[in-house]
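Notes follow once the structure below has been shown.
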Amino acid sequence: MSWLIPASSYQLWPDFRLEFFRDIVLENGNCYHLQGNNGAGKTTFLKQLLIPMLERDPSRQYVLYIEQQVQSQLDAILAYAALNRYLLPIRTAEDMLDYLLELLHCQLQKSTRPVILILDESIIPGILQKRMAELDQSSICLLYTSHQEVEIAGNLNLKQLRFDVISPQLTRLEA
């Protein structure tokens with residue numbers, strides 16, 4: 001499966017635009033490393049463009065998004081796990097990701113559909129690599145943001161998406 005983001009200039013905030021001159025096609029079986037300096041628009045791209053696009057048809061794919069500031073997600077997952085009587089302790093972001101990937105694995109046993117896994121500077125390679133082996137990697141599209149490449153792709157094809165700051169109001173995405 002693939003997801004298309006048409007080439008365009010996107011006004012994501014009143015004083016910030018993200019533009020790219022070629023269509024961006026995200027495909028299962030690939031790992032996309034979104035790289036760029038702080039403030040280049042990586043998180044804005046995820047939150048203002050990609051995730052809303054994916055949410056238009058939530059029955060099409062599973063989306064697992066781990067935020068850059070993971071504490072609020074961790075608190076919510078702790079509450080959810082307690083309500084569901086999950087027995088293992090969840091104390092860290094690594095525990096949370098392990099739990100979420102376990103839930104995803106169980107859900108995929110019931111209903112197979114593509115998975116988009118998004119890690120916004122929340123790279124936890126050990127847990128991810130362990131759980132990725134349980135999942136059908138041909139049905140996964142993995143995106144992660146970081147300032148340097150991290151070895152998490154497993155058997156996925158690694159692709160680079162570079163965010164180049166042109167001005168404080170403009171970033172270009174180069175595929």
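The values are calculated or read from the model by the stated rules, or taken from the named source; none is laboratory data. Keep in mind that this is a model prediction, so the values were computed, not measured. Cβ sites come from the backbone with ideal geometry, for glycine too, and all protein chains shown count toward neighbours. Protein only, heavy atoms only, side chains kept; ligands, DNA and RNA dropped before computing areas. Shrake-Rupley method; radii C 1.70, N 1.55, O 1.52, S 1.80 Å.
Summed over the residues of the chain and divided among them, the accessible surface reaches 53 Å² per residue at a probe radius of 1.4 Å. Each residue, K159 and R22, gets one label point 7 Å from its Cα in the Cβ direction; the gap between the two is 1.0 nm. Within segment 7-137, antiparallel bridges make up roughly 50 percent of the DSSP beta bridges whose residues both belong there. Once the convex hull of all Cα atoms in segment 33-99 is built, its volume per residue stands at 122 Å³. Would you work out which of N84, L108, Y32 lies farthest towards the positive end of the dipole of the chain? Charges go on Cβ: Lys and Arg +1, Asp and Glu -1. Of the listed residues, the answer is L108. Report summary: the helix-based calculation at 222 nm, which adds -39500 (n - 2.57) for every DSSP H run with n ≥ 4 and divides by the residues of the chain, gives -7500 deg cm²/dmol.
Tilt of helix 71-83 relative to the longest C-alpha principal axis of the chain, in degrees (0 to 90, nearest 10)? Approximately 30 degrees, to the nearest ten. For segment 98-106, backbone phi angles converted through the Karplus equation (6.51, -1.76, 1.60; θ = phi - 60°) give residue-by-residue couplings of 4, 4, 5, 5, 5, 4, 4, 4, 5 Hz, Gly and Pro being listed as x. For the chain, the longest piece that avoids every one of the trypsin sites (Lys or Arg not before Pro) found in DSSP loops with at most 12 other C-beta atoms within 10 Å covers 92-175. Quickly work out the R91-to-Q68 label distance, labels modelled 7 Å from Cα along the C-beta direction, and quote it in nm with one decimal. Here the answer is 2.9 nm between the modelled labels.
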